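One structure is given here, and the rest of the page talks about it.
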Amino acid sequence: ENLTSAVRATRCALRMQKRAIELDRLYRSQNRFPFAIRIGLATGYASVGNIGPAEKIDYTVIGSVVNLAARLQSGGEPGSVVIEKDTGFFIKDKYHITSLGQRALKGFADPVEVYVVDGSQA
């Protein structure tokens, strides 16, 4: 199956959300704390690799697309997978997406068109 990185990431995110729901049910049945996650996905270029001096090297990812994904995640509802228009372009034939409109995101000069993936396949 020929899948784009965006489709693979979305599939992974939806599986993570499904597992989070299962964990939430388990935790609640044990009178433990509720459990939910939010996921933000953005498509673009980032730098990946070891950053820092040899004595404190850190494998990390940096770039504006990383910050965008973080902002999308932080603005989402618990249990949601939130994406931007470029990711939406690559997944729209595989998954249903719903526009949440333009959002002003910290660190970005222009508003960003934001979507939520509803989990069902198109």
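Worth pointing out:
- Contacts under 7 angstrom Cβ, first residue in segment 4-22 being within 29 Å of Pro34 (Cβ to Cβ), partner part of a helix (DSSP H, G or I) and aliphatic (A, V, I, L, M), 6 or more apart: Thr10/Ile91
- Test: Tyr45 is touching a Leu at 6+ places or on another chain (Cβ under 8 Å) and either part of a loop (DSSP other than H, G, I, E, B) or under 17 Å from Val7 (Cα atoms) (or both): no
- Test result for Gly107, over 19 Å from Gly44 (Cβ atoms), of a type outside the set (Phe, Trp, Tyr) and in contact (Cβ under 8 Å) with a residue 12 or more places away in the chain: no
- Looking only at segment 10-34, residues that are within 22 Å of Tyr45 (Cα to Cα) and in contact with a helix residue (DSSP H, G or I) (Cβ under 8 Å, 6 or more places away or on another chain) come to 1 in all.
- Residue under evaluation Ala9, criteria (1) among the small types (Gly, Ala, Ser); (2) out of contact with any Gly (no Cβ under 6 Å at 6 or more places or on another chain); (3) not in a helix (DSSP H, G or I), criterion not met: (3)
- Subset of segment 74-122 that is aliphatic (A, V, I, L, M) and not in a strand (DSSP E or B) - its residue that is surrounded by the most Cβ atoms within 10 Å (Cβ to Cβ): Ile91
- Which numbered condition Arg28 fails, given (1) assigned to a loop (DSSP other than H, G, I, E, B); (2) of a type outside the set (A, V, I, L, M); (3) in contact with a Pro (Cβ under 9 Å, 6 or more places away or on another chain); (4) without any contact (Cβ under 8 Å) to a residue 40 or more places away in the chain: (1)
Quick note: the coordinates plus some simple rules give every number you see, no bench work behind them. None of the values given here were measured: they were computed from a predicted structure. We place every Cβ from the backbone using ideal geometry, glycine too, and count neighbours over all the protein chains shown.
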